[in-house]
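Have a look at the structure below before the remarks.
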Amino acid sequence: MRNITIGKRAAITASLAFGLLGLAGQVMAETPAEQRAEIQKMRATTLQRLYQVHPAARADVQKAAGYAVFSNVGINLIFLSAAGGSGVAHDNRSGKDVYMKMVSGGFGIGLGVKDFRGVFVFSTTEKLNQFTNSGWEASAQADAAAKAGDKGGAAAGAITVAPGVNLYQLTENGLALQATIQGTKYFKNDDLNAK
């Protein structure tokens, strides 16, 4: 009987968390054009902030095959955490943008809302296309510490989350020293991309 009660509480908490995330997404913008404009604005603001707190990141982003910028809002309610967000992947060679979504969920103790930005940098067009066309799911191994120097091809301050893919994660306090994207899935936003 106790397990059923805990299961019901978890289901209610999950519904509440995902409901709040959905409401937050709806408040952001109404039409696809407005949503794309908001995402473009978020990208510009995020890159500007990244270059302020970590100037060397500009060269890393510019010389890459492409990059993706995401805004993530996470909610922790007692034992459940949920996050959702949106972003855009950019191919530096073709200039093409692909609008994307992200979702994650998990269990952990905590209460509150977290807001952070992530900038993925792709070393090859193949890695970028794989990310945008097939989607990507960050596993527990993506929970890695930032490199102290320019080792293994990763720029200082970036976190290598997969071969050929680095991540700069920004919080209110600046550049995060550890990735917190495990259990997160990234995929195309069909509503915002031209058919």
Fewest to most Cβ atoms within 10 Å: Met100, Met42 sort as Met42, Met100
What is the gain in length, in nm to one decimal, between Gln52 and Asp190 on full extension, counting 0.36 nm per residue of separation less the C-alpha to C-alpha distance?
-> 46.4 nm
Could you tally the net charge around Val119, taking each other residue with its Cβ under 13 Å from the Cβ of Val119, Lys/Arg +1 and Asp/Glu -1?
-> +3
Looking at this model, which pairs from Lys101/Lys127; Lys96/Lys127; Lys101/Lys185; Lys63/Lys127; Lys41/Lys185 are more than 20 angstrom apart at the alpha-carbon?
-> Lys41/Lys185
Between Thr160 and residues 5 or more places away or on another chain, which pairs have amide H atoms under 5 Å apart, with H built 1.01 Å from N, and which residues are they?
-> Lys147, Leu167
Which of the peptides 30-39, 120-129 is most tightly packed, and how do the rest follow, judged by the mean count of other Cβ atoms within 10 Å per residue?
-> 120-129, 30-39
Please report Arg93, Arg117 as a ranked list, fewest other C-beta atoms within 10 angstrom at the top and most at the bottom.
-> Arg93, Arg117
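Only the coordinates and a few stated rules stand behind these numbers; no lab work does. Just so it is clear, the model here is predicted, and its values are computed rather than measured. FYI the Cβ positions are ideal-geometry reconstructions off the backbone, even for glycines, and counts take in every protein chain you see.
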